Structure formats: C-alpha cells, structure tokens
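Encoded as structure tokens, the structure appears first; notes follow it.
Nothing in this text is a laboratory measurement; each read-out follows from the coordinates by a stated rule. Predicted model, so just to flag it, every value in this text is computed and none were measured. Ideal geometry is used to build each Cβ from the backbone, glycine not excepted, and the neighbour counts take in all protein chains shown.
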Amino acid sequence: MIRMRNIVFVAPFPMDATLRFAKGFARLENVRVFGVFQKPPMSERGRTFDDLVAVEDALDPDEIVSAVRRIEAVYGPTHRLTGVLEPLQTPLGVARERLGIAGPSAEVAERFRDKSLMKDHLRAAGIPCARHRLATSAEDALAFAKEVGFPIVIKPPAGAGCRGTFRLESEDELRSALANIRPSPAKPSLCEEFLQGTEQSFEALVAGGKILAHSISHYQPTPLEAVATPWIQWVCMLPLDIAGPDYDEVRRVGAEVVRTLGLDDGFAHMEWFRRADGSIAVGEVAARPPGGQLTAMTGLVHDIDIYRAWARAVVDGRLDAPWNRRYAAATIFLRGVGRGHVTRIDGLDEAQRVVGKWVEEVKLPRVGAPKADGYEGDGYVILRHRDQATLEAAVSFVLNTVRVSYA
Ligand SMILES: Nc1ncnc2c1ncn2[C@@H]1O[C@H](COP(=O)(O)OP(=O)(O)OP(=O)(O)O)[C@@H](O)[C@H]1O
Ligand SMILES: [Mg+2]
C-alpha cells in the first residue's frame, strides 16, 4: 500500500506568491496538502489543498498546534509542517516541537530570525560578518559607534524589507535617530558596523543538513541604497555563470553558515557583501525561500520547477532535478521620481517591442495605487536570456525606457 504523506502549509493570507509554494507540494506524488490560513482560499479546496482550516492568528503557535491536531484527527499524522513567511518560522518551529514533527526547531528558526543571535553564532564560528551590538540604550549605541567608527547601521533585531533600517554617517545623525528610536531593554536596536561593497545573495536548497544545490544573485544597488533613493529601480540579477573560482569563497562560507546555524531542510537565503579587496562578509541569512522574485528566477535560470524542488527537498530529502544553469535572469522593480499615487507608466510599448520576447513575467504598477515605500517598487519585469551580455543590455534598456510617474 502507498503511504500518503500529510503536509500542513501555514500562511495568514492566500497571496498568489504564497500559494505557488503550496502548489509545489501538490505536484509531488503520494502527498496530501492541508492549508491553515486566516482567510482560507476555499476555491483551492479539492485542488491544491485536500482540506483547509481557518485560524484567527496564523502566527500564534497555539493556534497552529490546534489546527494541526484537527487535521490529524481526520487524516492521520503529519509528515511536514511548513510555511514560507519570515515571521512564521519561529512559531512553526515551536509547533513542530510540540507536535513531534521533523524539521527546523524553534531554536534553529530563532537563529535565522534574530540578527543579533545569528551574528553571535557566526562570529563564534569565525565566519566573517559585521561587528554588532544589541543596544538597550542610546549610550550603548553611541559607545558602539565610538568603537567601530562611522558609518554604522541601526535596525530592528528581527526586521524585514529594510523597514526601520538606517545608515548613519555621524554622531549627530546617530543622536537624532536615537531620539526617535529610543532603544530600551524591552525594545533593543541592533547596531552594526557598515559593510562596504557590493551586495549579493546565496541561495541553498538544503536537506538533511546538506546543501543539495545553490544559486547566486547580484543586487544592483544594495537594497538600503534603493530604499534611500526613491526613484532607483532596483535590479536583482542572476548571472549565467557562477561556476568560477570567484564564488568559491561564498560557497565555502554558505556551507559553513548552514552548518553553524543548524538548518536541516528547506531554503537558506543568505545576503553577503564583496568588499573592494575581494574579501566577503555575511549580511544576514533567512531559513525560507527568498522573496523579491528570487525564487521564481532561481527556477528560470535552471529551467526547473523551483516550487516542486523546494517541496521535494522538504518532503523527500532529495534534489527533484539537477540545477544546470542555462540562462541569466533579472528582475527590474518599477519605480519613478515623485510621490503620491501612480498616474502613468511610460515606455511600455517601446520596451515590449525591443525586449518583449525575453520577458518571463510582468506585474505592472496599477494606476491610482499609492506609491509603495519599499525597494521592490510598484511592479516588476522578469527577463531571461541565454547570453549574459544580451540580458544586461536588456536590463539597461528597460531601466532607461520604462518610467513610472506619480502625483
Ligand atoms: N551592516 C551593514 N552594512 C552595510 N549595509 C547593511 C548592513 N546591514 C544592513 N545593510 C543594508 O540594509 C539592507 C537591509 O538589512 P537587512 O538585510 O539586515 O534587513 P532586512 O530588513 O531583513 O532586509 P530584507 O528583508 O530587505 O532582506 C541590506 O540588504 C543592506 O543593503
Ligand atoms: Mg536582508
């Protein structure tokens, strides 16, 4: 008899980007997928999900545990309990431990969530990363800045999307930031030495604590510069060729990071810097699939079903299909000068005419929508090409042609 594996997938809301991951499980053999949502996507019942359970707060470990118990009462034991959202990772770890389900524990999840704890572990293992201090008072932060020198970065210990993250150039700037942030023992701020260099990412698909496959991307410019400069259209590019010795060091460090923080399965998404002298330093690492269209692009450059690849690693502990890099890909995040609401998007026809055949996915800014404040802008274009130089030229063309206006 075939043993069905029950997978419970948790998310507050059934956004399209989130459901892509749940659908990856549904494409595996001998798997039943159950959804736990605040707003269950009832139209997916009998399609992606064998059954759905509604909860009030999907981030509450108690509610996750009781939802899983309700599913188990009808369908039997759970093989894996999972979800892709960053703030879900620790609650999922807590629930796994209480229910005796395999997968990352709360302790492991917390090491990836809490950037101060993360860097304590990384530094103890000799892995290069920014010097840091969890400041519980303004004096603490000022003393740290004296030690490491300006610029420094100040951020929430478990933030996302650059929110509340600032680069400070001088003691005056730091003092005025501290007057707003007011760090305290109850609400500490993470201070970090500023890492100079270009920023890149390293994605690893992990099972049984081993890296099965990896990918690399380049951020152009750094997300922090993109947020600070509201018209910059941020680009995330996956180069065609990552096989060379230029990336040997990040491969070594990436494997060390996964081992040190103790990820057993799933995606590790690490951000790292390359300094002018060629040396590298880890920015941060998350134990979940990457956002920013990076997951989709990782599938596109290898021409694989990346969502099923993630599901396969989590459920069967193996690589679904080999990652042979055949393409370069990039996402251009559409933004423009000004504030207010989107009034028009220029240059689309021209861009379509010249690079349309290499467009894999588009989300256009919606006229009338308020301008988004993040570096991911109001929409995006994903391009893919077999030739690196052609891809780069196409990216420049879109950057110079498509313009979003606001009023
Ligand atoms: N110590 C540092 N030195 C230089 N730049 C930094 C440093 N810390 C953060 N940054 C910049 O700020 C960005 C956001 O920081 P970080 O990744 O820690 O926070 P986040 O809110 O989790 O971001 P995201 O969700 O966008 O990955 C980084 O991508 C980087 O550009
Ligand atoms: Mg980050």
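A few notes on this one:
- Summed side-chain charge close to ASP349 - residues other than ASP349 whose Cβ falls under 15 Å, Lys, Arg +1, Asp, Glu -1: +2
- Counted by Cβ distance under 11 Å from GLY336, the other residues give a net charge of +3, where Lys and Arg count +1 and Asp and Glu count -1.
- Checked against a 29 Å cut-off, the cross-linked pairs LYS23/LYS363; LYS146/LYS210; LYS119/LYS187; LYS146/LYS187; LYS23/LYS371 give Cα-Cα distances beyond that limit for LYS146/LYS210; LYS23/LYS371.
- Helical contribution to [θ] at 222 nm, DSSP H n ≥ 4, -39,500 (n - 2.57), averaged over the chain, rounded to 500: -10000 deg cm²/dmol
- Within the shell defined by Cβ-Cβ distances under 9 Å, the residues around TYR307 carry a net charge of +3, with Lys and Arg each +1 and Asp and Glu each -1.
- When you restrict to C-alpha pairs under 8 Å that are six or more residues apart and normalise by the size of the chain, the relative contact order lands at 14 percent.
- DSSP bridge pairs, the chain: antiparallel proportion in percent, nearest 5: 80 percent
- Label-reachable residues, the stretch 358-391, where backbone N falls under 19 Å from a point 7 Å from HIS341's Cα toward its Cβ: 364-374, 378-379
- Note on ASP303 and GLU169: the extension gain reaches 43.9 nm, defined as 0.36 nm multiplied by sequence separation minus the Cα-Cα distance.
- Cα-based Kirkwood hydrodynamic radius, the chain, one decimal, Å: 22.5 Å
- The stretch 13-110: GluC sites (Glu not before Pro) in DSSP coil with no more than 15 other Cβ atoms inside 10 Å: GLU29, GLU56
- Filtered trypsin sites (Lys or Arg not before Pro), the stretch 157-215: DSSP coil and at most 12 other beta carbons within 10 Å: ARG163
- Anchor LYS357: lysines whose Cα lies under 26 Å away (excluding residues fewer than 8 positions away in-chain): none
- Selection from PRO185, ALA160, THR136 lying farthest towards where the dipole of the stretch 131-193 points positive, charges on Cβ: ALA160
- Contact order relative to length of the stretch 221-339, as percent, for alpha carbon pairs under 8 angstrom and 6 or more apart: 37 percent
- Whole-angstrom gap from the stretch 27-53 to the stretch 244-301, using each part's C-alpha centre: 31 Å
- Once C-alpha pairs closer than 8 Å and six or more residues apart are averaged by separation and normalised to the residue number of the stretch 5-103, the relative contact order reads 31 percent.
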